[in-house]
Structure formats: C-alpha cells, structure tokens
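Beneath this line is the structure, given in structure tokens, with notes to follow.
Just so you know, all these numbers are worked out from the coordinates, no wet-lab data involved. Since this is a predicted model, take the numbers as computed values, not measurements. As a convention, Cβ positions derive from the backbone with ideal geometry for all residues, glycine included, and neighbour counts pool all protein chains shown.
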Amino acid sequence: MKRSLQAHSLLSVAATVIVVCSTCLPATAQFLVVTNDNNEIGNSTTIFQASGPASAPSLNKLISFKTSGTGAFPLSLGSVLQTIVPQGPTSFCLFVSNGGTLDVAAIIGDLATGTGGPVGVFHGSGADGSIPGTMALAASPDGNYLYVAFNGANNIATFKIATGCGLTFVQDNSVSGPNGGRPIAMAASPGFGSTGSILAVAYSDGSIESLSISGGITVRNGDLQFSNLFKLYGSIPQSVDITQDGHYAIFGDAPGARGHTDVEVYDISSGHLGTNTSYHGGTGLFGSPDGSSNIRLSPNEQLLYVSNNHSGQVTALGFNKNNGSLFFGCTSASLKGFESYWYFTAGIATALPTGSGSVLWVAEDAVVTGTNGIGTVLVGSANGTCTLTEAANSPESDTLGGALTSLSAFPLRPF
C-alpha cells in the first residue's frame, strides 16, 4: 500500500541537493538515518537525510511519522528498536517497535517516487501484549521475516513480511536465560558454508544463545549459556553483530566494572555458538573508554565500532575477519554536549555501505530529561592509525526523542 507523503516535496528535493563531487557522499536520495524516538507519551520515528561533503556531512530532518503507540522506559542500551528491510534500490519497509503498547509500526517508503507513509500497527499473540518493555527487532537476511523480542513476555515472535510492508504473526517461541533473563538484543545472519541462518540472542541475565532461522521460524539450537565475560567479570552482553559470511557473532557488553570496554567473539560457523575469544577492558587492552553496550562492524569488517556509553566516546577496534581477533585502533574524545545535554552514547550506524563507512551516526541519549541528538563522527587515518573526529556541525537534535538509544541507516551494509 502506497500513499502520498506529506513530505513528498522534501523527499523529491532531497534527491537533488547532494552536490556531485569526488569528496562528497554519493549523489543519491538513499542515504538516510532513521530513529525510534521511543517517546512514552506518543512514539514516532524520524527520518533524516545525510548530505554534504564527506569532510563535513550534515543531517537534515525530512519528516517524522507517529507510530500510533508509545515507547518504553527504561531501555537496554544495546537493543535495536527499528529495522529497515529493502524492497528495491530506493524502496524500503521500516519497522518500529512500540515497547509501551507492545506492537510494531510499519512504514513504507520509496524515495524514487516520493511516496510512502504509515501502513499500520501489528500485534503478536495475546501473551506478547502482557508486560511493556524493550522490544528488540531483527529481520531475516532474505527480507521475508521479522523477529520481535517481546521482553516482558519472554517470547521471540516471528512475523511474515508481506508485499506492501504489512506483517502477519506466525508464532511465538518462549525463551529466557538460565536465571530468567529476558531477550534484549538480537542479530540475524546468513549461513556459513553448509550451515543455515541463525539468530544470535542476548539475555538480561548475562546469557546468550542461537536459534536456527533457516526455515523462517525460530528453533532453539540448545546452546544457551552464560557468556564468558559474564562468568568472569559479571559483564552483560547487550548488543550483537554478525559477520557477513555468518562465521562470527560479536557481542558488546555492559561491563561489570566502570572504565572497561568488554567485547566477546564467538565462532558460529557450525550453525551454533562455538569457541569464543573474550576481550576484557580491565586489562588496559583498549585503554579506559567506559562502556561497550553498542557495537557495529564497518561494512568492510576491518573495524568494530564501539559506543563507549558512559564516557560519551566512540572506539574503533581492528577486526580480523579471518580469525575473529580484535586489536585496539583509536578512540574519539567525548562528543559535544556530553553530560550537559545528553548522558549516553548508544546506537551506531555507518553513512556508507562500503569500506570503513566513512562517517558514523551515533545516538545521543538524554534519558528523557535533556536534548537527544545524533552525533556525526568522521572516520579517518593518520600516520598509519585510525582517527575518530567529531564533525564541526555535529550533533543534529532529535526534538521528538524520549530516550534515543537506537538508529539505523539506509542503504544497509550488504550481505
């Protein structure tokens, strides 16, 4: 279902405002940043256009859509609360979770025609609508299914994505950690070799597991376990990213002690959680940036970006995708306005779907009481090492945000 956008002219103009030059972001209308504003009074999703030279990119608000629901608070910082499912080179479905009203808003958009808008609000089972809370989202690699973690009900629901971005509830899978942990973060991957696709899940009690999604619906693989750093230091995995070949799942942890960056890498080439390598910031390996609840691989998978939640910084770790090892790269200064207007760096997305991603968009969470924003961090290199530098025109405010912890960019990193 397509309808004319209130912002039709904005989207149409956005396709032509980016200057074509070798140092600019590509001349296309596809480069968007999308938020889940997570407002407890009345939720919305805001769409920003990325434009300008790569040395000084800017975000310009295009439009906000009401989601016909409410957000949830408090949140798990690492949860992905919106996901974009491409339908073509310029068209997409956007799904946004409403943790307060326990439903998912669907929005359709086509930047080539300037059409789109809200499709509807979709619910899971009666059990899914019981207890408000964080609702993490993930889409299957083939774009046919949406997975929704109903945190309050300890269910992961499977929805079928229809043409036109509608959702049909398929089934629930009852899940929880060994100590009753609730699902807080998920990521889906393509298969590795002859193994099928999996959904890697993190729970609030420090446990993790994988579920097979090769048949569309989720099937538990029997590998539920406490993460290694939880067992050693009490660190709780709160976000997860998976390599494009489905070989490694990487978890970003809320460290058990302040001043740490804790990251865990698991080999999933067998189709379930296998051997792991853990990196504990308390060893000084990654310096002293504080917090690691949000992670994001660069498109070329040579860097792992870490949101240092409690120190307002971003760290880039070198990643060897052949053996899953990590090493220190570089760290930014605390981003502008930290502890004055906002309090946590959170979700990360890259501007470009290739290379290092060139530019990072970083959610700046004001925890309802301040000014939410999106920071712009430039990825560069100097003297053979990486650099992370905040852009002069950063941040862009998100005035509708309640607790802004999650954002996505389009186009996506390709599988």
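General observations
- Among A257, A72, A136, residue whose mean-square fluctuation peaks in a GNM of the chain (springs only between Cα atoms under 10 Å): A257
- Among A185, L352, L388 - extreme Cα towards positive end, dipole of the chain, charges at beta-carbon: L352
- Computed on the chain, with alpha-carbon pairs under 8 angstrom and 6+ residues apart, the relative contact order is 13 percent.
- Net charge of Cβ neighbours under 14 Å - reference P132; Lys, Arg +1; Asp, Glu -1: -2
- Cross-link pairs K66/K160; K61/K336; K61/K160 - those with Cα-Cα distance over 29 Å: K61/K160
- Dipole of the chain computed with +1 at Lys/Arg Cβ and -1 at Asp/Glu Cβ about the Cα centre; of T90, Y147, G222, farthest Cα towards the positive end is T90.
- Cross-link reach is defined here as a Cα-Cα straight distance under 28 Å, omitting same-chain residues fewer than 8 places apart; for K231 the lysines meeting it are K321.
- Under the convention that each Lys and Arg Cβ holds +1 and each Asp and Glu Cβ holds -1, the size of the dipole of the chain around its Cα centre is about 520 debye.
- Computed [θ] at 222 nm, deg cm²/dmol, the chain (DSSP H ≥ 4; -39,500 (n - 2.57); rounded to nearest 500): -500 deg cm²/dmol
- Listed residues L111, N43, S194: farthest to the positive end of the dipole of the chain (Cβ charges): L111
- Only one of (1) 17; (2) 6; (3) 22 was calculated from the structure for percent of Cα pairs over 41 Å apart, and its label is (2).
- Look at where the Cα atoms of region 188-248 and of region 339-355 average out, and the two centres are 24 Å apart.
- Using a Förster distance of 25 Å, the FRET efficiency for N320-D142 (Cβ separation, nearest 0.05): 0.35
- Of the chymotrypsin sites (Phe, Trp or Tyr not before Pro) in region 320-396, those whose Cβ has at most 16 other Cβ within 10 Å and which sit in DSSP loop: Y341
- Taking a Cβ cut-off of under 11 Å around K61, the surrounding Lys, Arg, Asp and Glu residues balance to a net charge of -2, with basic ones at +1 and acidic ones at -1.
- Residue with peak Gaussian network fluctuation, the chain [Cα springs, cutoff 10 Å], from A56, A382, A316: A382
- By average C-beta atoms within 10 angstrom, highest first, the peptides 155-164, 121-130, 96-105: 96-105, 155-164, 121-130
- Stretching I41 away from A257 to a fully extended chain increases their span by 74.4 nm, per 0.36 nm per residue minus the current alpha-carbon distance.
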